[in-house]
Amino acid sequence: MTKLPISAFIICLNEEAYLGNCIESLDKCAEIVVVDSGSTDGTIALLESYIENGWPIRVFHENWRGYAGQKQFALDQCTQPWRLNIDSDERLDAPLRKLLPELIAASEAIVGWRLARRPYLVGYGYTPVHVHERRNLRLIRKGRGAYDLTQAVHEGIVPTGRVEDAKSGSLLHYRPLIIDDQILKENKYSTLKADQHFALGEGTTFLRLIFSPVLYFWRLYFHNGLWRCGPSGFIEAMTGAVYAFLTQAKLYQRKAAERYPNFDDAGRH
């Protein structure tokens, strides 16, 4: 198979259970860069087995720099004219794999492509083609974008030039966490997001505390179409609303504690 001039780059830590199917979907890429931050499961052995079978994988070991810093390090190791950001629990679906040659043959005026992502919902499976998350810039030309290192979570490439939406295809996100584990993940991410805003001196308002979760739910459930996925879609949208609420609540409490330091005034009551 003729390889496409694309470097796919992946950051990982203990992703043995997911990484194999990700790599298998990248068989058209001329290079696969994997940056591991200290896996203790079978991730490294898995990668070595693929390398022994001729896969163009280059493995780097790098201490954790944060999401944006780690992905920028991975991006810097790529050698091909195009670079594809993909997580270890993501896979290219068949339409996107078919579209890749067309995307990288775009005119020089286009420096990158935004790709849709379809999550796997517990009790449902992958969402339908027309039910996906917002499109994010994942495919970028060499030297035409870099990560914003101030972003603690939900990091993205900042392009220097025109970016378009891929007309078809999706990244498939396979990490079927039950709500017990998903809430822990949302708690972690909301802490990173709140700390990021707090470090910049930003606060929130009572209205944002009320309406941010509502709007987040509306976007996922109605605009993105999760209503089509039954109870599983409703749970996914509600989980997003919880993330939005936790982010605003944590930011409010951080600013409130700064203005009104906590102390036990029981003697006054």
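The values are calculated or read from the model by the stated rules, or taken from the named source; none is laboratory data. Quantities reported herein were computed from a predicted structural model and do not represent experimental measurements. Using ideal geometry, Cβ is built from the backbone for each residue, glycine included, and neighbour counts are taken over all protein chains shown. Side chains are part of the model used for accessible areas, which takes the heavy atoms of the whole protein and leaves out ligands, DNA and RNA. Shrake-Rupley method; radii C 1.70, N 1.55, O 1.52, S 1.80 Å.
Do we have F245 as assigned to a helix (DSSP H, G or I) and surrounded by fewer than 19 Cβ atoms within 10 Å (Cβ to Cβ) here?
No.
Determine whether the range 78-85 contains at least one residue that is surrounded by fewer than 19 Cβ atoms within 10 Å (Cβ to Cβ) and either of a type in the set (D, E) or part of a helix (DSSP H, G or I) (or both).
So the first thing to find is which residues in the range 78-85 are surrounded by fewer than 19 Cβ atoms within 10 Å (Cβ to Cβ), and the list is 79, 81.
Restricting the remaining residues to those that are either of a type in the set (D, E) or part of a helix (DSSP H, G or I) (or both) gives none.
For the range 78-85, residues surrounded by fewer than 19 Cβ atoms within 10 Å (Cβ to Cβ) and either of a type in the set (D, E) or part of a helix (DSSP H, G or I) (or both): absent.
Looking at Q253, Q182 in this structure, which one is open to solvent by 60 Å² or more (accessible area, probe 1.4 Å), within 24 Å of Q151 (Cα to Cα) and among the polar types (S, T, N, Q)? Working first, answer last.
Working: Q182 fails: open to solvent by 60 Å² or more (accessible area, probe 1.4 Å).
Only one candidate qualifies: Q253.
Quick one: how many residues across the range 86-105 are open to solvent by less than 20 Å² (accessible area, probe 1.4 Å), over 21 Å from G225 (Cβ atoms) and either in a loop (DSSP other than H, G, I, E, B) or not assigned by the TED database to the domain that holds Q70 (or both)?
Qualifying residue count for the region: 3.
In the list A241, A152, A237, which residue meets the criterion of being within 27 Å of D87 (Cα to Cα), modelled with pLDDT under 95 and among the hydrophobic types (A, V, I, L, M, F, W, C)?
Numbers: A241 fails: modelled with pLDDT under 95; A237 fails: modelled with pLDDT under 95.
Exactly one of A241, A152, A237 is within 27 Å of D87 (Cα to Cα), modelled with pLDDT under 95 and among the hydrophobic types (A, V, I, L, M, F, W, C), namely A152.
What's the number of the only condition in (1) open to solvent by 60 Å² or more (accessible area, probe 1.4 Å); (2) without any contact (Cβ under 8 Å) to a residue 60 or more places away in the chain; (3) aliphatic (A, V, I, L, M) that I235 fails to meet?
(2)
Of the residues F263, F217, F198, which single one is in a loop (DSSP other than H, G, I, E, B) and either buried (at least 17 other Cβ atoms within 10 Å of the Cβ) or aromatic (F, W, Y) (or both)?
Working: F217 fails: in a loop (DSSP other than H, G, I, E, B); F198 fails: in a loop (DSSP other than H, G, I, E, B).
Sole residue among the options that is in a loop (DSSP other than H, G, I, E, B) and either buried (at least 17 other Cβ atoms within 10 Å of the Cβ) or aromatic (F, W, Y) (or both): F263.
From A146, A194, which residue is farther than 19 Å from L75 by Cβ and not β-branched (V, I, T)?
On the way: A146 fails: farther than 19 Å from L75 by Cβ.
When all the criteria are applied, what remains is A194.
With respect to the numbered conditions (1) touching a Gly at 6+ places or on another chain (Cβ under 7 Å); (2) farther than 28 Å from D181 by Cα, which one is the sole condition not fulfilled by F217?
(2)
Is one or more of the residues making up the range 23-46 under 26 Å from L96 (Cα atoms), in contact with a Gly (Cβ under 8 Å, 6 or more places away or on another chain) and of a type outside the set (S, T, N, Q)?
yes
Among the residues of the range 201-214, write down those that are buried (at least 20 other Cβ atoms within 10 Å of the Cβ) and part of a loop (DSSP other than H, G, I, E, B).
T204
Can you list residue pairs whose Cβ atoms sit under 9 Å apart, with the first residue in the range 106-124 being within 17 Å of D89 (Cα to Cα) and the second being open to solvent by 30 Å² or more (accessible area, probe 1.4 Å) and polar (S, T, N, Q)? Count only pairs 6 or more apart in sequence or on different chains.
Partner pairs satisfying both residue conditions: L115/N136; A116/N136; A116/S168; R117/N136; V122/Q182.
If you take just the helices (runs of 4 or more DSSP H) that sit entirely in the range 1-77, which of them hold at least 1 residues that are among the β-branched types (V, I, T)? Full working, then the answer.
Details: elements: 16-24, 43-52, 67-77.
Where helices (runs of 4 or more DSSP H) fall fully within the range 1-77 and carry at least 1 residues being among the β-branched types (V, I, T), they are 16-24, 43-52.
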